[in-house]
Amino acid sequence: MRRLAAQVAGQVHEAARRCLGPGPGALDRTSFEEFPREPGWARAVLDEGLFVPAGTGFRFAHEAFAEWLQGAHADLDLLPVPGHRVGPAVQALLLLGRREGTVQLAFRLAELVPMATAPAVAPGTAPAAGSPAARAVDGRWWAAHLLSGVLLRVPDARPYTGVLRLLADRITERSLRAGGFVQTGLEAFGPWFWERLALADEDRMDLLRRLLPADGPPCGRGGGRPTRSGTRGGSGAQAGRGRGAVPSGAVSRAGRPSGRQGPVPHRCPTG
C-alpha cells in the first residue's frame, strides 16, 4: 500500500507539473491517458474527485489544492506567465520562504516593488498587443498580484516590513506625481490591503504614516477625486488623521484587522 501511495503521489505531482504547460491549466485527454492504468490511477482520481472533466481534458477539482501543488513545480525565473498561473506563482514564493527563509523571500519581493508601482497607462491609450509597452503593463499586473498575494498570506508580515516600507514610499511618490492615489491604478494596494497584513499596531501605523501624503490635498483644495463607486477615495491613510494615522475601523481592540472587505472611503467633513 505504501508503494502504491508513493506511486500515485508521484503521478499526481507529474500531473500538476504538466498543468503548468501551455494552455488553460488542465491536462488534455492525451496527456491524461498517458498515466498508467494498471493500478487504476485514471479511474481512481476521477472516482475520488481529485480530477474532474473540463472540456476535452481534465483538471484538478479543487483550485486551491491545485495551486498549492503546482507551486512546488513553478519556475520563478520564468515569470511572468498567463494570468491564470498567478496562484501557483504565489504558492511558489511562499514555498521559497518556507524552504530558504524570510530573507530570500524578502529579496524576491523587493525586486517586484518597482515593477508593481510603475506608472499606469493612461485611459484610452492601451498599447498594441505584444509591444514592449504591453509587456510592461502585463509585468506590472503580475508584480502587483504576486506582492499582494504573498504579503497577505504570510502568517507573520514583520520580516517583510522593509519591503512594505519600500512599497508604501513608492505608492506615495506615485500618488503625488499622479495627483492622488485614485489616479495611480494601484487598487491592489488600497486600504483593505494594509488592514489585512499580519502586523502589530505600531508597524501598521508606521506604514500608514508613510502613506498619509498619498491621499492628496483635503477636499475643497483639488483633492479627493470621485472613485468608481461615487465616493471620494484614497490610500486610506487620510482617514486616520488625528487618530494615529489608523483608518477608521482598520484595527480592532485586539490589534487585529477588523475584517473589512473593501476600501475605506475618504469622506469630507460636513458642515
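Just so it is clear, none of the values below were taken in a lab; they were calculated from the coordinates. Remember, predicted model here, so these are calculated numbers, not experimental data. Positions of Cβ are backbone-derived with ideal geometry, glycine not excepted, and every protein chain shown enters the neighbour counts.
Which of the peptides 47-55, 168-176 is most tightly packed, and how do the rest follow, judged by the mean count of other Cβ atoms within 10 Å per residue? Before the final figure, lay out the partial values.
Details: 47-55: 13.1, 168-176: 19.4.
Result, highest mean Cβ count within 10 Å first: 168-176, 47-55.
Report the FRET efficiency, 1/(1 + (r/R0)^6), for GLU33 and THR102, where r is their Cβ-Cβ distance and R0 is 35 Å, rounded to 0.05.
On the way: r = 43 Å, r/R0 = 1.22.
My answer for the efficiency is 0.25.
At 0.36 nm per residue, and after removing the present C-alpha to C-alpha distance, how many nm does the segment from GLU173 to LEU46 gain when stretched out fully? Could the numbers behind the result be given before it?
Numbers: separation 127, 0.36 × 127 = 45.72 nm, distance 5.20 nm.
Separation in residues times 0.36 nm, less the Cα-Cα distance, equals 40.5 nm.
Per-residue counts of other Cβ atoms within 10 Å, averaged by peptide: what ranking do you get for 68-74, 141-147, highest first?
Per-residue Cβ counts within 10 Å, averaged per peptide and sorted highest first, yield 141-147, 68-74.
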